[in-house]
Structure formats: structure tokens, C-alpha cells
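Asker: Let me begin by handing over the structure; questions about it come next.
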Amino acid sequence: MAAGAAEVAAVVEVGSAPQFEELLRLRAKSLLVVHFWAPWAPQCVQMNDVMAELAKEHPQVSFVKLEAEAVPEVSEKYEISSVPTFLLFKNSQKIDRLDGAHAPELTKKVQRHASSGSFPPSTNEHPKEDLHVRLKKLTHAAPCMLFMKGTPQEPRCGFSKQMVEILNKHNIQFSSFDIFSDEEVRQGLKTYSNWPTYPQLYVSGELIGGLDIIKELEASDELDTICPKAPKLEERLKVLTNKASVMLFMKGNKQEAKCGFSKQILEILNSTGVEYETFDILEDEEVRQGLKTYSNWPTYPQLYVKGELVGGLDIVKELKDNGELLPVLKGEN
């Protein structure tokens, strides 16, 4: 019995796409937590330990680790662009996602999704007063807050998708909250705002309305006067690329690279002794997509000197091998 329990509690390693698909099918009835990781990233190794602990606490949950760069077809299918990333599956369907090494958040997600096949009625974890305070904070979290199903990058209903398209079309700066990530907020906000459906748009903590209201405001040209405008993307990118004499746009930051290419370019730059700044493109989807067009360069990392694109990892390696990197970084070339 003890041996069987230990076996269930182990974190399973998956090495191929067919093995992953088979596991999805076999574990369809339970919660499946998948860690997309890389052996070169210390934060991933740390999160593997967290997964092992969670496996002991939740023997009914299946925990899997999959080396992201070793099984690219699975990573691409689920749009894994950095490590660590965690996907949660039920009934062979992805139900949640977590990007980054956030152990408390992963623990919360596992506990919530493992507790019931469908969400249970509201528990007394947070008293009503606490929920009210929390909702007030959330609706005031940014000047313009969108409560939606999914994320702006990955909307999970047609109405949320349309709302994001309208806000983006009008260059409106907004933050969002995925109501699928928190059932308490999802149910509580309906009562708090006396508005029964999603998406819901708030400006300065006040409910503006759902999709129909936003469409009406757009038709009457009132939307632009109500919602705060984002700075023009091109202006923003120009400022960012000139923020320091040497600017690196990468996945992660100086302390913690989140992809192998970014890690390699950091090592090269650190070996030169030249000062440089970094920008984590995983923190800002607008910059991540916009810079590809702005620089006409489709991949990351991207290195800039005095606002001008030098190139990616291959170019930087070539310059280093030719002895030209240091003069370029110092702006002498």
C-alpha cells in the first residue's frame, strides 16, 4: 500500500509528444499539473521541488514535468515561451495557466482546482466584508480595469474577445483580471456591481458596463473621452530602445533568464564588462509584439546600442568572434 502511494505521489517525467497525449487521456478524470521546465534554469529546479511537495499533499492529483525545449511540438501547441510555465488540465482540457516561479500561487491553483470537479458553492475562506474590500481594491487596481474570461492575449469567450478588440482599436490603456482564475471574484463581482454578466469594464473603480454599453459608447464617440489613452506604441518603443546606451530586450532579466538564447546573450554581454540595461518582454505583451514590427526583427533577444538595433544572439556571437563586439557596444562602430 505504502509503495503504491509513493508511486502515485511521484512527479512523472514526460519525454515525447505521444507520451504527453497518452497521459492526458489516461489522467482525464483527475487534475493534471504540467511543469514546462529547463535544466539550465535554477528557478525551474526549485519549482520541481515544490511540485514534489505538492504531489505528497495531493495524491489524487497527477504532477508531470516536461522539458520545454526537448519536446518543442508540445511547447508550441500550448504557446510556452518561457520557463517555468505551469498548465493545469481537467478532462484533457487546459483549465488554467501560471507563468513564472510563483510557488504560493501554484499551491493556491492546485488546491482550488483539486477541491472539486466544478467550483463549489462559496466557502467561508474570506468573510463577506473581506470580499467587498478585495473587490474594491481590484476594481481600483488600474485606471481602466477589464474583468473578462481569459486574458487579452487569450480571450476565452467571444464577448471578451470583442471587448479587447474595441479597447485596443481605440488605443485604450487597461489592465485585466481573468475571472476564471478566481470563482469567488467571479460570483462576488456580480453582486458588488449589480451586473450579472461578463466582461465588465471599470474606470476609476466605477462600472461602465458590459460589451453592449461599450459598443454604444464607441458608436456615440464617447468611449475615447471616458477611458485613459495609452501612449502611442511607436513613441514608447523609441523611448525604451534609448533608455540606456546598451539595451537588451529579452525573456527574463539580468538576474534570471527565461530562455536559453537570452541566457547565452547575457553571458556574452557580462564578459565584455560594458554596462547595459534589460527589458523583460514577457512582462509586456504590447512591447513584445510591437518591437518585432518596429525593428523588423521577428525573434528575441534583441540588442540595441544608442537606439539602433544590432541584432539577436547569432549576430552578437559573430561580432564577438570577429573581435568587433566591444567597439559596437561602445558606439565606436
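Asker: Search region 105-117 for residues being within 15 Å of Lys29 (Cβ to Cβ) and either in a helix (DSSP H, G or I) or open to solvent by 80 Å² or more (accessible area, probe 1.4 Å) (or both), and hand back the single one that is modelled with the highest pLDDT. Break it down into steps so the answer makes sense when it comes.
Answerer: Just the residues of region 105-117 that are within 15 Å of Lys29 (Cβ to Cβ), to begin with: 113-114, 116-117.
So of that shortlist, the ones also either in a helix (DSSP H, G or I) or open to solvent by 80 Å² or more (accessible area, probe 1.4 Å) (or both) come out as 113-114.
Details: His113: 87, Ala114: 84.
Among them, the one singled out is His113.
Asker: Here is a follow-up. Among the residues that make up region 208-230, is at least one of them under 22 Å from the mean Cα position of the chain (by Cα) and either in the same structural domain as Phe159 (by the TED database) or farther than 28 Å from Met47 by Cα (or both)?
Answerer: Let us first name the residues in region 208-230 that are under 22 Å from the mean Cα position of the chain (by Cα), namely 230.
Right, trim to either in the same structural domain as Phe159 (by the TED database) or farther than 28 Å from Met47 by Cα (or both) and you get 230.
Looking for residues that are under 22 Å from the mean Cα position of the chain (by Cα) and either in the same structural domain as Phe159 (by the TED database) or farther than 28 Å from Met47 by Cα (or both), one finds at least one in region 208-230, hence yes.
Asker: Right, something else. Scan region 63-82 for residues that are surrounded by 21 or more Cβ atoms within 10 Å (Cβ to Cβ) and either at pLDDT below 90 or of a type in the set (S, T, N, Q) (or both) and report the count.
Answerer: Within region 63-82, residues that are surrounded by 21 or more Cβ atoms within 10 Å (Cβ to Cβ) and either at pLDDT below 90 or of a type in the set (S, T, N, Q) (or both) number 1.
Asker: Same structure again: Whether any residue in region 286-293 is at pLDDT 95 or above, under 30 Å from Val45 (Cβ atoms), open to solvent by less than 70 Å² (accessible area, probe 1.4 Å) and outside the structural domain of Phe174 (by the TED database) is what I want to check.
Answerer: no
Asker: Output the residues belonging to region 185-199 that are open to solvent by less than 40 Å² (accessible area, probe 1.4 Å) and either β-branched (Val, Ile, Thr) or farther than 14 Å from His140 by Cβ (or both). Steps first, please.
Answerer: Step one: list which residues in region 185-199 are open to solvent by less than 40 Å² (accessible area, probe 1.4 Å), which gives 185, 188-189, 193, 198-199.
Listed by number, the residues that qualify are Val185, Gly188, Tyr198, Pro199.
Asker: Related question: Of these, Val83, Val61, Val74, Val34, which one is of a type outside the set (D, E, K, R) and over 23 Å from Gly150 (Cβ atoms)?
Answerer: Only one candidate qualifies: Val61.
Asker: Residues being under 30 Å from Glu154 (Cα atoms) and either touching a strand residue (DSSP E or B) at 6+ places or on another chain (Cβ under 6 Å) or touching a residue at least 12 places away in the same chain (Cβ under 8 Å) (or both): count how many of those fall in region 267-295.
Answerer: Summing the residues that are under 30 Å from Glu154 (Cα atoms) and either touching a strand residue (DSSP E or B) at 6+ places or on another chain (Cβ under 6 Å) or touching a residue at least 12 places away in the same chain (Cβ under 8 Å) (or both) in region 267-295 gives 14.
Asker: Over 19 Å from the mean Cα position of the chain (by Cα), of a type in the set (A, V, I, L, M) and over 20 Å from Pro84 (Cα atoms): which single residue out of Leu313, Leu291 fits that description?
Answerer: Working: Leu291 fails: over 19 Å from the mean Cα position of the chain (by Cα).
When all the criteria are applied, what remains is Leu313.
Asker: Among the residues that make up region 247-255, is at least one of them surrounded by fewer than 16 Cβ atoms within 10 Å (Cβ to Cβ) and either modelled with pLDDT under 95 or under 24 Å from Ala70 (Cβ atoms) (or both)? Step through it out loud before you land on a result.
Answerer: In the first step, residues of region 247-255 are kept if they are surrounded by fewer than 16 Cβ atoms within 10 Å (Cβ to Cβ); the result is 254-255.
Checking which are either modelled with pLDDT under 95 or under 24 Å from Ala70 (Cβ atoms) (or both) leaves us with 254-255.
Checking region 247-255: at least one residue is surrounded by fewer than 16 Cβ atoms within 10 Å (Cβ to Cβ) and either modelled with pLDDT under 95 or under 24 Å from Ala70 (Cβ atoms) (or both).
Asker: Please go through (1) aromatic (Phe, Trp, Tyr); (2) under 27 Å from Thr107 (Cβ atoms); (3) modelled with pLDDT under 90 for Phe174 and return the number of the only condition it doesn't satisfy.
Answerer: Among (1) aromatic (Phe, Trp, Tyr); (2) under 27 Å from Thr107 (Cβ atoms); (3) modelled with pLDDT under 90, Phe174 violates only (2).
Asker: Here's something else I'd like to know. Across region 311-333, what is the total count of residues that are among the charged types (D, E, K, R) and surrounded by 14 or more Cβ atoms within 10 Å (Cβ to Cβ)? Show your work before the answer.
Answerer: Keep residues of region 311-333 that are among the charged types (D, E, K, R), which gives 314, 317-318, 320-321, 324, 330, 332.
Right, trim to surrounded by 14 or more Cβ atoms within 10 Å (Cβ to Cβ) and you get 317, 320.
The total comes to 2.
Asker: Hey, among the residues in region 144-183 that are part of a helix (DSSP H, G or I) and acidic (Asp, Glu), which one's surrounded by the fewest Cβ atoms within 10 Å (Cβ to Cβ)? Before the answer, list the steps.
Answerer: Applying the first criterion (part of a helix (DSSP H, G or I)) to region 144-183 yields 158-169, 179-181, 183.
Checking which are acidic (Asp, Glu) leaves us with 165, 183.
On the way: Glu165: 12, Glu183: 17.
For region 144-183, the residue satisfying everything is Glu165.
Asker: Could you check region 22-67 and list, in sequence order, the residues that are under 16 Å from Leu87 (Cβ atoms) and touching a Pro at 6+ places or on another chain (Cβ under 9 Å)?
Answerer: Passing the criteria: His35, Phe36, Trp37, Ala38, Cys44, Met47, Asn48, Glu67.
Asker: Is there a residue being free of Cβ contacts under 8 Å to residues at least 24 places away in the same chain, part of a helix (DSSP H, G or I) and charged (D, E, K, R) anywhere in region 252-266?
Answerer: Taking region 252-266 and keeping what is free of Cβ contacts under 8 Å to residues at least 24 places away in the same chain, we get 255, 266.
Still in the running and part of a helix (DSSP H, G or I): 266.
Going one step further and asking which of them are charged (D, E, K, R), we end up with none.
Taking every residue of region 252-266 in turn, none turns out to be free of Cβ contacts under 8 Å to residues at least 24 places away in the same chain, part of a helix (DSSP H, G or I) and charged (D, E, K, R).
Asker: Which of (1) at pLDDT below 90; (2) surrounded by fewer than 13 Cβ atoms within 10 Å (Cβ to Cβ) is the odd one out, the single condition Arg27 does not satisfy?
Answerer: (2)
Asker: What pairs come up if the first residue lies in region 1-19 and is under 19 Å from Cys44 (Cα atoms) and charged (D, E, K, R), the second is open to solvent by less than 80 Å² (accessible area, probe 1.4 Å) and modelled with pLDDT of 50 or more, and their beta carbons are under 9 Å apart, counting only those six or more places apart or on different chains?
Answerer: What qualifies is Glu13/Val64; Glu13/Lys65; Glu13/Leu66; Glu13/Glu67.
The values are calculated or read from the model by the stated rules, or taken from the named source; none is laboratory data. Predicted, not measured: the structure shown is a model, and the values here were computed from it. For neighbour counting, all protein chains shown are included, and Cβ atoms are generated from backbone atoms with ideal geometry for every residue, glycine included. We work out accessible area using only protein heavy atoms, side chains counted, and drop any ligands, DNA or RNA first. Shrake-Rupley method; radii C 1.70, N 1.55, O 1.52, S 1.80 Å.
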